[in-house]
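Report on the structure given below.
The values are calculated or read from the model by the stated rules, or taken from the named source; none is laboratory data. Just so you know, these numbers come straight off a predicted model, no measurement behind them. Counting neighbours? That spans all protein chains shown, and the Cβs are built from the backbone with ideal geometry, glycine included. Areas reflect the complete protein model, heavy atoms only, side chains present, ligands, DNA and RNA absent. Shrake-Rupley method; radii C 1.70, N 1.55, O 1.52, S 1.80 Å.
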Amino acid sequence: MNIPWVEKYRPQTLDDIIGQEQIVGRLKRYVEENSMPNIMFTGSAGVGKTTSALALSKSLLGEYWQQNFLELNASDARGIDTVRNEIKSFCKLKAIGAPFRIIFLDEVDNMTKDAQQALRREMEMYTKTSSFILSCNYSSKIIDPIQSRCAIFRFTPIKAIDIINRLKYIAEQEGLEVEESALENIVYFTQGDMRKSINILQASTTTDNKVTDETVYDVISRAKPRDVRKIINKALDRDFMGARDLLRDVMVLDGVSGDDLITQIYQEVTQMTTEGLIPEESFIKLMEYMSECDYRIREGSNPRLQLEALLSKFLIVKQDA
């Protein structure tokens, strides 16, 4: 059976989780005490929230964890009926061979406010029989009464070196030949997202067991960093038409979307500022222009037109510097 590598290599215990050592240390104390408060995991995608919830539940509930564990994705089951029916029915049942039952609600920030209010009530009523693990990307979307009833764990993006080491391990297990630069490019594009990194690695092996820069670029459909930097440099050198032509090639010939490209421009401008190639005063002005361009693109404006307008602002910044 062809199992996605994200599931095939998902850590099964708390000791296997990488990149979140401080959080894992706190979770292990719950296992030692054989008790757990209501918990909220918050952080960006692919940083280990779901994996940590599953590993913690298995450690606490033991061999009967499946009978005492309920997992719901709040993106699908987001209404008040889910709380009143599925969750309430599960909480009423006595734990089998375990100290309590665990309800894991993933992407709970997608639940309606009414459903969150109902969930709050269930968390109050069944404190002696059940514990909740809530997972979300944006804790600000969770009502305060729920947040106050949870121990909050904030997951950070996984470090590049940890992702690269994990990808090397997977490549070794799968008998792949992987270029170091290809792994660095994967990390560059995923920005601390382990799940996306593993998916890109697997997708890059569909035609060959050798993973190179080109196979990675073919999979992710993103602009090459050197091409993005060429566009920026031409704009800063007041060669607007040259920068515009390169922009057209990247968007039309390479098929890169506007929202992906503005993100890459931001990454390159930030890196160039760190390297001392762009003055800090210019970076501050460019941040304003880039954020405005990003907002307009995401609101539905013509991406190419907005990005060309952004390039014209680069000329102004360079002139004022």
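For this structure, a couple of remarks:
- Taking Arg226, Arg121, Arg101 in turn, the Gaussian network model of the chain (Cα-Cα springs below 10 Å) assigns the largest fluctuation to Arg226.
- 19 Å Cα-Cα threshold exceeded, pairs from Lys49/Lys168; Lys28/Lys58; Lys113/Lys141; Lys88/Lys128; Lys168/Lys196: Lys49/Lys168
- Close amide H partners of Ile152, meaning residues 5 or more places away or on another chain with modelled amide H under 5 Å apart, are Met40.
- Taken per residue, the accessible surface of the chain reaches 51 Å², heavy atoms only and a 1.4 Å probe.
- Peptides 89-100, 154-165 ranked from most to least packed, by the mean per-residue count of other Cβ atoms within 10 Å: 154-165, 89-100.
- Among Asp193, Asp109, Asp16, the residue with the largest mean-square fluctuation in a Gaussian network model of the chain, with springs joining Cα atoms closer than 10 Å, is Asp16.
- Over the chain, DSSP H runs of length four or greater, each weighted -39,500 (n - 2.57), average out per residue to a 222 nm ellipticity of -16500 deg cm²/dmol.
- Cα-based shape type of the chain, given that a ≥ b ≥ c are square roots of the gyration tensor eigenvalues and the cut on a/c is 1.5: prolate
- At full extension, Glu86 and Lys168 could sit 25.4 nm farther apart than now, given 0.36 nm per residue minus the alpha carbon distance.
- The share of accessible area on region 70-181 that comes from carbon and sulfur is 46 percent, using a 1.4 angstrom probe.
- Cα gyration tensor shape for region 211-281, rounded if a/c is under 1.5, else prolate or oblate: oblate
- When only Cα pairs below 8 angstrom with a gap of at least 6 residues are kept, the chain shows a relative contact order of 16 percent.
- Remark on region 37-174: ratio of C-alpha radius of gyration to 2.2 N^0.38 Å is 1.12.
- Accessible surface of region 242-321 [probe 1.4 Å, protein heavy atoms]: carbon and sulfur percent: 49
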